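Enquirer: Sharing a structure here in structure tokens format.
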Amino acid sequence: MISALELRHIIESGLLPRSCTCSVNPKGSLLVKMIEPSSGRVELFVPSVLASDLTSSRAISNLIGKLRIEMAARQKICA
């Protein structure tokens, strides 16, 4: 299994250039928060991604892809 620290790094790096913070709670779920750098406003908040589901590079890549799609959809709605 991938360590929580490594998982955070992979997800946060995969969402660059957006500002993203990822934290792991004691029960093993991730909290992903994407922040608009210029305003500090939270653009996307995902409170319960199960770290136990992210056991392969494909699973992590799929999560990052879904987060990017969600951000793109939100930007189109706001535009």
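Enquirer: Just give me the residues in the stretch 36-78 being surrounded by 14 or more Cβ atoms within 10 Å (Cβ to Cβ) and of a type in the set (Gly, Ala, Ser), in sequence order.
Expert: Listed by number, the list holds a single entry, 51.
Enquirer: How about the stretch 41-79: which of its residues are out of contact with any strand residue (DSSP E or B) (no Cβ under 9 Å at 6 or more places or on another chain), modelled with pLDDT under 90 and not hydroxyl-bearing (Ser, Thr, Tyr)?
Expert: Across the stretch 41-79, the qualifying residues are 53, 72, 73, 76, 77, 78, 79.
Enquirer: Name, by its number, the condition in (1) farther than 11 Å from residue 7 by Cβ; (2) free of Cβ contacts under 8 Å to residues at least 40 places away in the same chain that does not hold for residue 28.
Expert: Tallying (1) farther than 11 Å from residue 7 by Cβ; (2) free of Cβ contacts under 8 Å to residues at least 40 places away in the same chain, residue 28 fails exactly one: (1).
Enquirer: Condition first: part of a helix (DSSP H, G or I), surrounded by 12 or more Cβ atoms within 10 Å (Cβ to Cβ) and in contact with a strand residue (DSSP E or B) (Cβ under 8 Å, 6 or more places away or on another chain). Can you find one or more residues in the stretch 12-35 that meet it? Don't jump to the end; show me each part of the working.
Expert: Filtering the stretch 12-35 down to residues part of a helix (DSSP H, G or I) leaves 12-14.
Now restrict to residues that are surrounded by 12 or more Cβ atoms within 10 Å (Cβ to Cβ): 12, 14.
When the remaining residues are screened for being in contact with a strand residue (DSSP E or B) (Cβ under 8 Å, 6 or more places away or on another chain), the result is 12.
Checking the stretch 12-35: at least one residue is part of a helix (DSSP H, G or I), surrounded by 12 or more Cβ atoms within 10 Å (Cβ to Cβ) and in contact with a strand residue (DSSP E or B) (Cβ under 8 Å, 6 or more places away or on another chain).
The values are calculated or read from the model by the stated rules, or taken from the named source; none is laboratory data. Computed from a prediction, not measured in an experiment: that's the story for all the values here. Glycine gets a Cβ as well: all are built from the backbone with ideal geometry, and neighbour counts include every protein chain shown.
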